[in-house]
Structures are given as C-alpha cells and as structure tokens.
Amino acid sequence: MEDTFIVNYLPGVHSIQKLNGATKIALLVANLVLIMVTFDVRILGIAFLINLGLLLSERPQWRTIKAVTWFVVWMNLLNVALMFLVSPNVGSNAIGQSTVLFSLTSHYPVTAETLFYLSVRLLKVFSMFVASLWFILAITPSQLAEGLYRLHVPYKVCTIMSLGLRSVPDIMRDYKTIKNSLQMRGLELDKKRTGLFKRIKLSVKILMPLLFSTFNRVGTIATAMELRLYGIKNQRSYYNFQPATKVDWTFRLVAIAELCLAGAYLYIELFITKGGLSHVWYPGK
Amino acid sequence: MAANEIRESVFSKLVGRWSTQSIVTVAIGSALFGVLLDFVGIPVYTNTKLSVAYLVPVFVGALYGPLPAGFIGLFGNFFADLIAGSGFWPEWWIGNFIAAFVIGLLPLYGARIEDGIFTKKHAAIFTITSLIGLLVAFGFIAPFLNTLFYGGEKLINFAQGYIAVITDGAITIIAGIPLLFSLAKRNRKNSHLTKE
C-alpha cells in the first residue's frame, strides 16, 4: 500500500507542482474536457503530448507509478482485445469503410479501420490516465481545497475534499491494524486457501470495526471545528493561498485555449459536419 | 397547510441533516469509501471489483439521509480515483452519486435507524429500491455516459455496468441488511425504554 501511495501531502519542488491550486484544477478540467469530447487523433495526439510533458516535468519516481502504469496498460489492452472479440467490425462501422488487411477466420477480418479505431481509443484512455496522474502528483489536499474555493465552489465542499483526503492515511492504517489483529486471531485471508464467498464474509468482518472506529472520530473533529467557529460566515480564507504569478497566468491561458479548442470542435461536429460526438476522423476519408 | 408540512418534511428528509457533523461525516465517509473501493476488493472483471464499499452509503444513509450518502458516492469515487491514480472517470462518479443516493433513501420510507426502527418490511423496500437505484445508475447512466465520452463497444461498457449492478447489489443486500438490523438494535438499547 505505502510504496504505491501517490497522493502528496507536501507541495513539490517542480514548476508544475508550485502552481496555484486553482490553475492546476483549471488545467486538469480543460484537459479532461478536451480528451472527452474528441475522437480525432490529431487533437488527442496534441492533448496526449501536452499531458505527457506535464507529467515528465514533475520527474515522477518510476518506482511509485510503475504498478499503476502497468495496471492501466494491461487493463486497456485487454479491453481493446475484448472489443475486437465482441465486434470485429467496430472500427469499420464507426468510420464507414472497410479495408481488409488479412483475416484471422472468416468471422474476424482485421481491417485497417478497426486497428486505427482501437489505437485511437487506446490513445484516448492513455491521455486520460496521464492527465490524471500529473494532477495527482502535483496537488496536495489543501491546495485542492483552496483551488476549488477560488473557482467558486462552496467552501463546505472544499472542506470535504481536504478533510477527506487528509484522513485517508489514518483509515488505511486502521484497516491494516484491524486486518492484522483479525489475522492474529486466526482468520485466513490468503487468496489461495480461502474461497471467494468466504473472503467476502471476512472482508465484511473487517469492515464492521473499521466503520465504527472511523465514524467515532466524526464527533471529535466536528466539535473541534465548531469550537473554532466553522461555518459561521459565508466565506473563508486559506493559509496556503498563493497569489497568481506569471507562470500561473500562462498555464491558465493554455487551459482557456484548450477549452476553446474543445468548444470549437464540439460546435463543428454538432452543427456543421453533423458527425456527432462519436465521429472518428480517418486519414483519406 | 398540512400538505405543505408533509412536502417540507419530505424535502428535509431528502436533503438530510446538514451541520458541521454531517460535513465531517461525508468527508470521512468518502475517504473510507475510496479506500475500500481501492484496496478491499476482489477483482471480477476489467474495471469491476467485488467491493464492500457500498456498506458506507448504507450506514450513512441510515443515519444522515440520502443526500450525504449520495455525496459519499460522488466524492468517495473521486477519492478512489485519486488514490489509485488510474485515471478520472467522471461518469462513474455520477453513477455512484445516484446509486448511493437511492440506497440512502432509508428515512424516506420510515426506517429510522437512530430510533431503532427497522423492520422486515423496510428491509424489503430497501432491497427493491437499492436494486432499482443500482440498475439505473450502473445499468444505464454510467455506461451510457461512458460510451458517449470514450466511445468503444457499447456491449462491453454495458456488460461492465451490469456486473457492477450484480456485485454491488449483492454486497448491499447480503451484508447491508444485517448491518442495518444490528445498527437498529444497538440504537434501540440506547432508548432505555422497556415494553411492559
């Protein structure tokens, strides 16, 4: 659990990590919107490169992100393979033409369009992954709360964000303690030795003390917050507020440009070419 | 006047209790939901796991009402994505919000856990509403949005959704109903009233 825990609680040292919370959130939202609306490999390629650049600029430790990267790669390769198995003509149907390269059996022709379509899909999912990853590595819970507050999200929601993320390590520690103590009493949680149904029952058994120990904390925290007059006023200030610098404004402009690109693409697809959201651009068509 | 009062009480039951306490509950409940979704699951299919996380909205819905439970689904899934790092999937946040909201509708049909009221009738209604909520959220809305946002094969996206309905539904009902009965029993003891 600890080796692969990627949420940061202290601000990092690289320039992306030093940005204002609001800038990071705006940049992430712009990137996600851009990736979501389009199925055009040119735009997706640009988005992927931008996000990969942002991720690499943080110099992530390969040790921490190795597991999740392999997980995403294998899951999506599996997903794409399943897509091909379920409907081998998925790409040809989406693009509207069919160039058979070779056939595995008579049922499974491998068409150039399907290969193209599946790789665009992979690119889309990987862009999504890379965008999420740089954001997670760049932000701290307090910055997330402060940034959301700057973006006019009600501050009670911001409190939920920072307080919730702050209590994640505590809950993980409690979970481990409870699991260890139950194992010491002789509960077998090994995958190989117990069946699926038994393991479900055991995880419920771990959950009960975890639920009570977690929610017992609520009263203490709520009282402490109320004693400090939480929720008395309609607005609040944050300790980690940092004014926007020139770098911040540059990245905000990038975010705005990306949103404009997404909007323009959406407008063209919906009203001019009438291709719809799932329209796939294909070279030579 | 009376109708107005009833409507108001239904509205207040839907919104639930909002105080500092419920904000902290949602925050910590979401963190718990996220941790459970990520680490305490048994993988079944590509992105779907048999997860006990759904007991958290059952618990919070019983004590605080549907809206806090729904927010636990929404923020909890966001936290789960943030901790896991395998990408943000907003359509599942929306799906989880709807599912957790419907699961948390307990006070609306008269199951008042804090007063120790939870009968077999309530358990039956809970089963039906939870299944409908999960079906709407993961059987229709989340896969529909997934296909809209990411394209791909409808059949696979919907199959993934239906598997989520079955696994989450099974956990919610098989483990959730005993949880609710035991919670109600706990609170009944606290009332210090005996039947004579």
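Taking θ = phi - 60°, what integer Hz values does the Karplus form 6.51 cos²θ - 1.76 cosθ + 1.60 yield along the range B:19-36, in sequence order, with x for Gly and Pro?
Calculated HN-Hα couplings, in order: 9, 4, 4, 6, 5, 5, 4, 4, 4, 6, x, 5, 4, 5, 4, x, 4, 5 Hz.
Quick one: buried accessible area between A and B, total over both chains, 1.4 angstrom probe, nearest 100 Å²?
Working: alone 17740 and 10660 Å², together 23150 Å².
Chains A and B together bury approximately 5300 Å².
Normalise the Cα radius of gyration of the range A:85-139 by 2.2 N^0.38 Å (N = residues in it) and let me know the number. Let's see the in-between values first.
Working: Rg = 15.5 Å, N = 55, 2.2 N^0.38 = 10.1 Å.
Here the answer is 1.53, to two decimals.
Given a Förster distance of 56 angstrom, what is the FRET efficiency for A:Arg42 paired with B:Arg188, based on the Cβ-Cβ distance and rounded to 0.05?
My answer for the efficiency is 0.30.
Equivalent ellipsoid semi-axes for the range B:46-196, as square roots of 5 times the alpha carbon gyration tensor eigenvalues: give them largest first, rounded to whole Å.
Numbers: eigenvalues 204, 42, 27 Å².
Here the semi-axes work out to 32, 14, 12 Å.
Across peptide B:84-97, how many C-beta atoms of other chains are within 10 Å of each residue C-beta, on average? Intermediate results must be reported in sequence, preceding the final value.
Details: counts 8, 17, 12, 15, 10, 2, 2, 1, 0, 0, 0, 0, 0, 0.
Mean shielding count: 5.
Counting pairs of alpha carbon atoms under 8 Å apart in space and at least six apart in sequence, what relative contact order in percent does chain A give? Don't jump to the answer; show the numbers that get you there.
Numbers: 273 pairs, mean separation 92.2, N = 285.
So the answer I get is 32 percent.
Mind listing the Cα extents of the protein assembly as shown along all three principal axes, in Å, largest one first?
85, 59, 59
Counting Lys +1, Arg +1, Asp -1, Glu -1, what net charge surrounds B:Phe138 among other residues with beta carbon under 11 Å of its beta carbon? Don't jump to the answer; show the numbers that get you there.
Working: positive: none; negative: B:Glu91, B:Asp168.
Result for the local shell: -2.
What angle do you read, to the nearest 10 degrees and between 0 and 90, between the alpha-carbon axis of helix A:41-57 and the longest principal axis of chain A?
That works out to roughly 40 degrees.
Ignoring ligands, DNA and RNA, what accessible area per residue does the protein assembly as shown give at 1.4 Å, in Å²?
Numbers: 23150 Å² over 481 residues.
Averaged over the residues of the protein assembly as shown, the accessible area is 48 Å².
Tell me the label-point distance for the pair B:Thr119, A:Leu101, using the 7 Å Cα-to-Cβ offset, in nm and rounded to one decimal.
6.6
Leaving ligands, DNA and RNA out of it, report the carbon-plus-sulfur percent of the accessible area of the protein assembly as shown at a 1.4 Å probe.
Working: 15300 of 23150 Å².
Looking at the protein assembly as shown in its full context, I get 66 percent from C and S.
To the nearest whole number, what is the average tally of beta carbon atoms from other chains within 10 Å of the beta carbons of peptide B:32-40? Before the final figure, lay out the partial values.
On the way: counts 11, 2, 4, 11, 7, 0, 3, 6, 7.
Mean shielding count: 6.
Could you order peptides A:138-147, A:220-229 by the average number of other Cβ atoms within 10 Å of their residues, highest first?
Details: A:138-147: 23.0, A:220-229: 13.0.
Highest to lowest by the protection proxy: A:138-147, A:220-229.
At 37 °C and 0.692 mPa s, what whole-number value in µm²/s does Stokes-Einstein give for the translational diffusion of the range A:114-250, with Rh from the Kirkwood sum over Cα pairs?
Values: Rh = 19.4 Å.
Estimated diffusion coefficient is 169 µm²/s.
Helix-only mean residue ellipticity at 222 nm, chain A, DSSP H runs n ≥ 4 weighted -39,500 (n - 2.57), per residue, nearest 500. What is it? Could the numbers behind the result be given before it?
Working: 9 runs with 186 residues, N = 285.
Estimated from H runs of four or more residues: -22500 deg cm²/dmol.
According to a simple spin-label model (label point 7 Å from Cα along Cα-to-Cβ), what is the distance in nm between B:Phe11 and A:Leu56?
Going by the 7 Å Cα→Cβ label model, 5.6 nm.
Roughly how crowded by other chains is peptide A:73-80, in terms of the mean Cβ count from those chains within 10 Å of each of its Cβ atoms?
Numbers: counts 0, 1, 4, 4, 0, 2, 7, 3.
Shielding by partners across A:73-80 averages 3.
Show the residues, 5+ positions off or on another chain, whose built amide H is closer than 5 Å to the amide H of A:Leu151.
For A:Leu151, whose amide H was placed from the backbone, there are no distant partners under 5 Å.
State the extension gain, in nm to one decimal, for the chain segment bounded by B:Ile132 and B:Ile174, taking 0.36 nm per residue of separation less the distance between their alpha-carbons. Don't skip to the answer; put the middle values down first.
On the way: separation 42, 0.36 × 42 = 15.12 nm, distance 1.58 nm.
Extra length available between B:Ile132 and B:Ile174 comes to 13.5 nm.
Within the set A:Lys124/B:Lys154; A:Lys179/A:Lys201; A:Lys24/A:Lys233; A:Lys205/B:Lys185, which residue pairs have Cα atoms separated by over 25 Å?
A:Lys24/A:Lys233
What are the residues of the range A:161-175 that lose 30 Å² or more of accessible area, with a 1.4 Å probe, going from their chain alone to all protein chains?
Residues passing the criterion (a loss of at least 30 Å², heavy atoms only) are A:Met161, A:Leu163, A:Gly164, A:Leu165, A:Val168, A:Ile171, A:Met172, A:Tyr175.
Name the residues whose placed amide hydrogens come within less than 5 Å of the amide hydrogen of A:Thr111, ignoring near sequence neighbours (fewer than 5 apart) on the same chain.
A:Leu101
Treat each spin label as a single point 7 Å out from the Cα along the C-beta direction, and report the A:Gln183 to A:Leu229 distance in nm.
4.9
Using amide H atoms built 1.01 Å from N in the peptide plane, name the residues 5+ places from B:Leu50, or on other chains, whose amide H lies under 5 Å from its own.
Correct list: B:Ile42, B:Val44.
Rounded to the nearest 0.05, what FRET efficiency is calculated for B:Phe181 and A:Tyr239 with R0 set to 60 Å and r the Cβ-Cβ distance? Please report the intermediate quantities before stating the final value.
On the way: r = 45 Å, r/R0 = 0.75.
For B:Phe181 and A:Tyr239, the calculated efficiency is 0.85.
The values are calculated or read from the model by the stated rules, or taken from the named source; none is laboratory data. Computed from a predicted model, the values in this text were never measured in an experiment. Neighbour counts run over all protein chains shown; Cβ positions are idealised from the backbone, glycine included. Please note that ligands, DNA and RNA were not included when accessible areas were found on the heavy atoms of the full protein model with its side chains. Shrake-Rupley method; radii C 1.70, N 1.55, O 1.52, S 1.80 Å.
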